[in-house]
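First the structure, in the form of structure tokens, and then the observations on it.
The values are calculated or read from the model by the stated rules, or taken from the named source; none is laboratory data. Here the structure is a predicted model, which is why all the values come from computation and not from measurement. Because the Cβ atoms are built from the backbone with ideal geometry, glycine has one as well, and the counts that use them run over all protein chains shown. Only protein heavy atoms, including side chains, enter the accessible area calculation; ligands, DNA and RNA are left aside. Shrake-Rupley method; radii C 1.70, N 1.55, O 1.52, S 1.80 Å.
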Amino acid sequence: MAPQKVVLRFDAKISDQPVIYKLVKDYDLVINILKANVNPQKEGTMVLDINGEKAEQGIDYLRSLGVQVKSLTEQIIQNEQKCVSCGACTDICPSGALYIERPDMIVRFDSDRCVVCHLCVKACPMRAMEVCF
Amino acid sequence: MAVEKTYQEINARIKAGKAVVVTAEELVSMVKEKGVERAASEVDVVTTGTFGPMCSSGAFLSFGHAKPRIKMHKVWLNNVPAYTGIAAVDAYIGATEVREDDPLNSDHPGEFRYGGGHVIQDLVARKKVMLKATGYGTDCYPRKEIETEITIDDINEAILFNPRNAYQNYNCAINLSAKTIYTYLGVLKPHMGNAHFSTSGQLSPLLKDPMFRTIGIGTRIFLGGGIGYVAWNGTQHFPGRNTGEDGTDYGFAGGTLSVIGDLKQMSPRWLVGTSMIGYGATMTVGLGIPIPILNEEICRYAAVGDDELYAPIVDYSEDYPNFKSSSLGFISYAQLKSGKININGKEVPTAPVSSYPRAREIAATLKTWIKKGDFLLSEPVQLLANADSGIVANSLKG
Ligand code: SF4
Ligand code: SF4
């Protein structure tokens with residue numbers, strides 16, 4: 001089976017658990033961690049490359065723990081015409097992809113750090129964060 | 001010798017291209033460097049700016065008559081209801097009104113994708129807007145229905161009239177509950193997961209003339225990218241001072257303005273339809289006020305920096321909704337802007353919901369207009385009530 005890219009989002013309860021180890025050991029998967037981030041509130045996001053026969057079962061296991069799993073086929077872009085640098089998205093973004101550049105207070109978007117969680121898409125009051133496929 | 005200048009003297013210098021104009025941000029550092037007295041004698045005008053979501057905004061539109069005539073009883077613009085209980089073809093489109101078919105918060109949190117603020121932005125962007133109206137038919141206005149496209153240039157008048165804008169100061173909002181909440185100050189994460197604030201601090205118009213020494217009825221301002229005027233005090237204008245539990249003075253708060261201007265000369269960059277998830281639609285308004293430095297007192301007030309301006313910290317999960325006064329303390333705008341604050345020993349990430357870069361752009365634009373001699377200062381016809389006037393807020397019974 002071809003490897004698939006997935007985005008995981010999980011809360012503080014899960015941050016301390018060895019879930020990746022379980023995926024490798026119990027489901028015999030080859031896991032490549034592309035991005036991982038845990039913020040000060042211990043909410044985590046992770047982008048994984050998953051490869052193996054039991055990939056689907058592994059993903060079901062993650063979901064059973066309350067981890068949100070989404071496949072990574074989309075990208076998020078910041079529409080610079082619409083963004084007014086208000087900043088309201090910067091503490092909502094779990095991965096630090098949206099951040100304020102000080103001292104000018106301009107809001108920047110680093111797509112390399114984006115884990116496509118979609119939180120900013122709805123939280124942005126100007127609808128400046130867009131999903132593209 | 002004490003500095004005393006008049007509006008006439010300052011305007012004469014503006015016309016001669018000799019006025020010294022600085023932004024409020026520039027004045028803060030200038031006064032730190034040179035002192036109030038020298039700054040007050042050198043500077044003629046200080047420009048301010050703010051760009052944030054401002055409910056209590058909207059526009060009066062006068063459409064012109066159709067053939068045959070209709071006395072409009074209900075009006076929709078792009079399916080957003082406007083209020084037409086004013087006259088046959090006049091209506092007021094309010095920023096927070098949403099489409100007839102908006103799901104609101106039925107699938108919580110609602111998205112409120114399109115509302116009156118978006119209609120106003122589309123109008124100033126010179127886009128076509130669908131006007132639909134119904135009437136009950138009278139002898140002089142027989143028609144009962146009309147559906148037609150309009151643009152801002154097709155209609156007779158479009159007047160932006162915002163009954164309450166430019167809040168002098170605002171709360172720093174946090175959430176003490178265990179679940180995420182959706183407020184007009186954005187998404188607040190549980191257990192003080194973040195803190196939101198919404199003024200431009202040291203650039204904010206009413207924090208720079210906090211005692212309303214120069215801002216009053218008739219003051220000419222930057223509004224929505226064009227020129228506007230202060231029409232009156234804003235609704236809920238309760239000018240006062242914030243005081244800590246121990247009696248510490250945390251500066252001014254509570255003043256508001258009502259502002260007016262010709263919508264046709266404004267711009268979609270400075271009037272932006274806004275959707276606060278789970279809360280509703282509104283409009284983000286760009287507003288800037290020039291402050292004439294008539295004397296040292298005015299200069300001293302205008303030179304107060306982010307480190308000396310404070311916002312009260314308020315819990316929006318329990319205290320704010322239940323109208324309880326909360327006492328979580330005060331925090332300076334310098335700290336709020338740093339990205340992290342400390343509340344009761346916990347480090348909390350902060351984010352603004354009003355744009356500081358855009359506020360700065362407004363102050364800079366106003367400065368350019370004045371320096372070029374295009375924009376003269378107007379002496380208010382009447383000043384507004386200030387913190388000494390002892391206005392007390394009423395609340396509803398029931
Ligand atoms: S919330 Fe939207 S408009 Fe505001 S800074 Fe973020 S992307 Fe830009
Ligand atoms: S989708 Fe938005 S909120 Fe999520 S990581 Fe990407 S930029 Fe941040």
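The table for this structure:
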quantity: Mean separation of Cα contacts under 8 Å (6+ apart) over length of the range A:1-100, as relative contact order %; calculated: 34 percent
quantity: Rounded accessible area of B:R213 (nearest 10 Å², 1.4 Å probe); calculated: 80 Å²
quantity: Gain upon complete extension [B:I86, B:E33; 0.36 nm per residue less C-alpha separation]; calculated: 13.6 nm
quantity: Cβ-based charge dipole, the range A:23-133, positive-most Cα from A:L98, A:Q75, A:P125; calculated: A:P125
quantity: Efficiency of FRET from Cβ geometry, B:L104 and B:A66, R₀ 30 Å, rounded to 0.05; calculated: 0.40
quantity: Simple Cβ-charge dipole of the protein assembly as shown, Lys/Arg +1 and Asp/Glu -1, about Cα centre, in debye nearest 20; calculated: 700 debye
quantity: Residue with peak Gaussian network fluctuation, chain B [Cα springs, cutoff 10 Å], from B:E25, B:E37, B:E361; calculated: B:E37
quantity: Cα gyration tensor category, rounded, prolate or oblate, for chain B with a/c compared to 1.5; calculated: oblate
quantity: Gyration tensor (alpha-carbon) shape descriptor, the range B:36-161, a/c threshold 1.5; calculated: oblate
quantity: Within the range B:60-160, percent of DSSP bridges classed antiparallel, to nearest 5; calculated: 90 percent
quantity: Accessible-area order (highest first, 1.4 angstrom probe) of the listed residues A:Y21, B:Y114, B:Y136; calculated: A:Y21, B:Y136, B:Y114
quantity: Per-pair calculated FRET efficiency, R0 = 41 Å: B:I391 and A:A36 via Cβ, rounded to 0.05; calculated: 0.15
quantity: Residues in the range B:352-391 occluded by at least 50 Å² - accessible area, probe radius 1.4 Å, against chain by itself; calculated: B:P352, B:P357
quantity: Accessible area in square angstrom per residue, the protein assembly as shown, 1.4 angstrom probe; calculated: 45 Å²
quantity: Gain on full stretching of the segment that runs from B:L383 to B:S177 - 0.36 nm per residue minus C-alpha separation; calculated: 69.9 nm
quantity: Förster radius 51 Å - calculated FRET efficiency between B:D246 and B:E147, Cβ distance, rounded to 0.05; calculated: 0.25
quantity: Gain in span if fully extended, A:Q17 to A:V131, counting 0.36 nm per residue against the direct Cα distance; calculated: 37.9 nm
quantity: Heavy-atom accessible surface of the range B:60-160: percent carbon and sulfur, 1.4 Å; calculated: 48 percent
quantity: Reduction of at least 50 Å² in accessible surface, 1.4 Å probe, comparing all protein chains with the chain by itself, residues of the range B:186-215; calculated: B:K189
quantity: Choice from B:S378, B:S57, B:S338 with maximal GNM fluctuation in chain B (Cα, 10 Å cutoff); calculated: B:S338
quantity: Chains B and A together, accessible area buried on both sides, 1.4 angstrom probe, square angstrom; calculated: 2100 Å²
quantity: Solvent-accessible surface (1.4 angstrom probe) belonging to A:I33, in square angstrom, nearest 10; calculated: 80 Å²
quantity: Prolate/oblate/rounded label for the protein assembly as shown (Cα gyration tensor, a/c 1.5); calculated: oblate
quantity: Charged-residue dipole, Cβ positions (Lys, Arg, Asp, Glu), chain B about Cα centre, Debye nearest 20; calculated: 780 debye
quantity: Tilt relative to chain A, helix A:55-64 - C-alpha long axis, 0 to 90 degrees, to 10; calculated: 70 degrees
quantity: For the protein assembly as shown, share of DSSP beta bridges that run antiparallel, in % to the nearest 5; calculated: 90 percent
quantity: Among B:F63, B:L376, B:A40 - extreme Cα towards positive end, dipole of the protein assembly as shown, charges at beta-carbon; calculated: B:F63
quantity: Fraction of accessible area attributable to carbon and sulfur, the range B:230-302 (%, probe 1.4 Å); calculated: 51 percent
quantity: Residue with peak Gaussian network fluctuation, chain B [Cα springs, cutoff 10 Å], from B:T365, B:T138, B:T84; calculated: B:T138
quantity: Drop in accessible area of at least 10 Å² in the complex versus isolated chain, residues of the range A:109-126, 1.4 Å probe; calculated: A:K122, A:A123, A:P125, A:M126
quantity: Positive-end extreme of charge dipole, the protein assembly as shown - chosen from B:P142, B:A95, B:T219 (charges on Cβ); calculated: B:P142
